[in-house]
Amino acid sequence: MNRELTVVEPGPLTTVQDAGRPGQGALGIGRSGACDRAAHRLANRLVGNPEDAAVLEVTFGGLVLRAGTDVLVALTGARCPGTPHLAPTWLPAGAELRLAPPTSGLRTYLAVRGGVDVEPVLGSRSTDVMSGLGPPALRAGDRLPVGEPTLPLPGVDLAPVAEPPAGTVQVRVLPGPRRDWFDDSAWELLLGQEYRVSSDSNRVGVRLEGEPLQRGRQGELPSEGMVRGALQIPPSGVPVLFLADHPVTGGYPVVGYVADPDVDRCAQLRPGQGLRFSSRLS
Amino acid sequence: MRVLPSGSTALLVELDGLGEVLALYAALDEERAPGVVDLVPAGRTVLVVTDPGQTTLAAVEAWVRGTTPRPGARDAGERVEIPVVYDGEDLPDVARLLGCDEDEVVRRHTGTEWTVAFCGFAPGFGYLTADDGDWQIARRSSPRTRVPAGSVALAGEYSGVYPRQSPGGWQLIGRTELAVFDLHRDPPALLTPGTRVRFTAVTA
């Protein structure tokens with residue numbers, strides 16, 4: 001009877017994530033944390049954890065776990081067919097949980113009652129793939145300690161929330177600090193086209209394919225701080241949409257920002273999926 | 001001061017130069033308003049990150065505009081001495097770029113006081129600017145895939161110390177044994193914004 005989960009197979013990429021390391025940007029330390037924050041919080045609520053407890057962020061399924069003792073788990077985010085979703089579920093000691101690739105969406109969050117209790121680094125258990133802080137990505141054979149529950153079990157058995165869609169996603173965009181480095185035709189091009197999500201996207205950012213934006217203003221920009229949701233325009237003219245592990249500062253102009261609540265939906269975009277930006281704040 | 005939008009949770013405050021950045025950052029950091037979760041100084045800007053559940057961007061902008069900068073903060077910064085073995089691979093190139101010999105590069109690098117302007121690129125990587133001298137050093141035309149931890153380097157107007165092995169395009173002039181980033185120290189970064197730095201030449 002060990003309070004731990006054994007990783008039988010990690011899938012393409014599974015990392016431990018919590019609410020990250022906010023407040024250390026001046027030291028060059030990014031926030032990191034779960035890419036889909038709402039899904040991370042919900043998974044914790046379903047098993048009666050504090051909202052910021054550490055969970056597993058499973059990228060495109062493939063994770064196989066074995067329980068060392070009876071544990072209560074909940075899955076949120078991208079639904080893996082064949083596994084209970086958005087509902088707390090008991091996994092008996094010795095049982096295996098296998099996550100199939102999701103049918104839509106990219107990242108599935110697995111919370112365990114008591115939280116994933118690996119050693120924190122600078123106040124967080126999150127893996128930051130950009131800076132290398134936090135535990136390494138999961139490998140076969142890893143044994144993950146499970147913490148002791150601190151809150152009562154919640155009285156919910158199902159969370160009715162919208163799941164990540166398969167088709168083109170539209171998100172709200174606000175002007176960024178360097179909107180004035182681009183003329184109105186570039187801004188209209190940003191809003192008018194459907195971008196395609198590139199396969200070299202990761203936790204740092206969603207890379208896009210589409211018609212390039214022309215800069216109206218040339219010259220060097222001294223590096224400046226940014227937060228997730230930034231739409232940075234590199235010399236190629238095609239935006240990079242930054243996610244949880246974005247660099248603390250960047251030297252290319254940020255033309256716009258995806259409204260913060262909508263960044264969670266961007267974290268569920270799969271390669272090949274369409275993305276549109278809307279300036280209407282409905 | 002220009003206050004620029006940075007999405008629904010942050011503001012970017014743009015200033016005229018590094019001195020103003022350090023003065024405003026010191027003042028904002030000293031008396032953080034409720035709901036301000038992070039401050040990120042850079043070369044000409046301070047990013048103010050908020051928790052929208054606790055405050056509004058309008059309230060934070062009013063706080064920033066009402067804060068009196070502390071211009072003396074730069075002189076009051078903590079002082080750090082970094083011993084360097086000046087045997088970097090790019091020392092000859094840097095000497096050529098500065099139009100002097102290698103000993104003169106070392107003399108100039110150790111002869112001025114440096115200030116940590118801001119951190120970025122990697123945890124604990126401080127961008128240091130010199131009080132004296134004209135330091136405009138072009139980056140290497142092809143970046144190295146592996147720069148060893150502790151490498152002391154130059155690029156643009158900045159000097160820096162690589163906290164850990166990483167790729168990098170800066171010109172390497174030496175190395176130090178001093179750990180500039182240590183997870184078991186609080187704060188883990190030695191070179192925090194406003195810290196004053198002296199490099200000293202030591203033999204290997």
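The values are calculated or read from the model by the stated rules, or taken from the named source; none is laboratory data. The structure presented is a predicted model; accordingly, all values stated were derived computationally and were not measured. Positions of Cβ are backbone-derived with ideal geometry, glycine not excepted, and every protein chain shown enters the neighbour counts. Please note that ligands, DNA and RNA were not included when accessible areas were found on the heavy atoms of the full protein model with its side chains. Shrake-Rupley method; radii C 1.70, N 1.55, O 1.52, S 1.80 Å.
For a quick size check, give me the Cα extents of region B:117-175 along its three principal axes, largest first, whole Å.
Reported extents, whole Å, longest axis first: 30, 24, 18.
Could you point to the residue in B:TYR86, B:ALA153, B:TRP114 farthest towards the positive end of region B:77-201's charge dipole, with +1 and -1 charges on the Cβ of Lys/Arg and Asp/Glu respectively?
Towards the positive end, the residue furthest out is B:ALA153.
Normalised radius of gyration for chain B, please: alpha carbon Rg relative to 2.2 N^0.38 Å, two decimal places. Kindly include the intermediate steps, with their values, before the conclusion.
Details: Rg = 18.2 Å, N = 204, 2.2 N^0.38 = 16.6 Å.
This ratio for chain B stands at 1.10.
Under the definition of Cα pairs under 8 Å and six or more residues apart, what whole-number percent is the relative contact order of region A:169-278? Please report the intermediate quantities before stating the final value.
Working: 240 pairs, mean separation 45.4, N = 110.
Result for region A:169-278 is 41 percent.
Output needed: percent of Cα pairs per 20 Å distance bin for the protein assembly as shown, bins running from 0 to the one holding the longest distance.
The calculated distribution, bin by bin, is 23, 51, 24, 1.
Short version: which residues of region A:208-227 lose at least 50 Å² of accessible area, all chains versus chain alone, 1.4 Å probe?
When all protein chains are present, A:PRO222, A:GLY225, A:VAL227 each give up 50 Å² or more of accessible surface.
Between the chain alone and the structure with every protein chain in place, find the residues of region B:9-35 that drop at least 20 Å² of accessible area; heavy atoms, 1.4 Å probe.
Correct list: B:THR9, B:LEU12.
For the protein assembly as shown, with every protein chain kept in place, what is the accessible area per residue (1.4 Å probe, Å²)? Don't jump to the answer; show the numbers that get you there.
Working: 20150 Å² over 486 residues.
About 41 Å² of surface per residue is accessible.
So, in nm, how far is label A:GLU220 from label A:SER104 when the simple model puts each one 7 Å beyond its Cα toward the Cβ?
4.7
Translational D (Stokes-Einstein, µm²/s) of region A:169-278 at 37 °C and 0.692 mPa s when Rh comes from the Kirkwood sum over C-alpha pairs? Mind showing how you got there, number by number?
On the way: Rh = 13.6 Å.
It diffuses with D of about 241 µm²/s by this estimate.
Semi-axes, largest first, in whole Å: what does sqrt of 5 times each Cα gyration tensor eigenvalue give for region A:4-145?
Details: eigenvalues 106, 46, 43 Å².
Semi-axes (√(5λ), whole Å): 23, 15, 15.
Taking only C-alpha pairs under 8 Å that are 6+ residues apart, what is the relative contact order of region A:51-97 in percent? Numbers along the way, then the final one.
Values: 53 pairs, mean separation 20.2, N = 47.
With pairs under 8 Å counted, the relative contact order is 43 percent.
If you place +1 on the Cβ of every Lys and Arg and -1 on the Cβ of every Asp and Glu, how big does the dipole about the Cα centre of chain A come out, in debye to the nearest 20?
Using Cβ point charges on Lys, Arg, Asp and Glu, chain A gives about 160 debye.
Work out which residues of region A:235-280 lose at minimum 50 square angstrom of accessible surface when the other protein chains are put back, relative to the chain isolated, with a 1.4 angstrom probe, and list them by number.
A:THR249
Kindly provide the Kirkwood hydrodynamic radius of chain A in Å, to one decimal, from all pairs of distinct alpha carbon atoms.
Numbers: mean 1/r = 0.0515 Å⁻¹.
For chain A, inverting the mean 1/r across all distinct Cα pairs yields 19.4 Å.
Which FRET efficiency, nearest 0.05, do A:VAL156 and A:SER278 yield, Cβ-Cβ r, R0 22 Å?
Numbers: r = 33 Å, r/R0 = 1.49.
Approximately 0.10, to the nearest 0.05.
Just want to confirm a number: the relative contact order over chain B, from Cα pairs under 8 angstrom separated by 6+ residues, in percent.
22
On full extension of the chain, what length is gained from B:ALA27 through B:ARG96, given 0.36 nm per residue of separation minus the C-alpha to C-alpha distance? Don't skip to the answer; put the middle values down first.
On the way: separation 69, 0.36 × 69 = 24.84 nm, distance 4.07 nm.
Separation in residues times 0.36 nm, less the Cα-Cα distance, equals 20.8 nm.
Run the accessible area of region B:2-73 with a 1.4 Å probe and give the carbon-and-sulfur part as a rounded percent. Walk me through the intermediate numbers first.
Numbers: 1490 of 2860 Å².
Accessible surface attributable to carbon and sulfur in region B:2-73 totals 52 percent.
Rounded to the nearest 100 Å², what is the buried accessible area between A and B, both sides summed, probe 1.4 Å?
Working: alone 12250 and 10260 Å², together 20150 Å².
Summing both sides, the interface buries roughly 2400 Å².
Any idea what the dipole of the protein assembly as shown comes to, in debye rounded to 20, about its Cα centre with Lys/Arg Cβ at +1 and Asp/Glu Cβ at -1? Can you show the working numbers first?
Numbers: 46 positive and 58 negative charges, 226 e Å.
I would put it at about 1080 debye.
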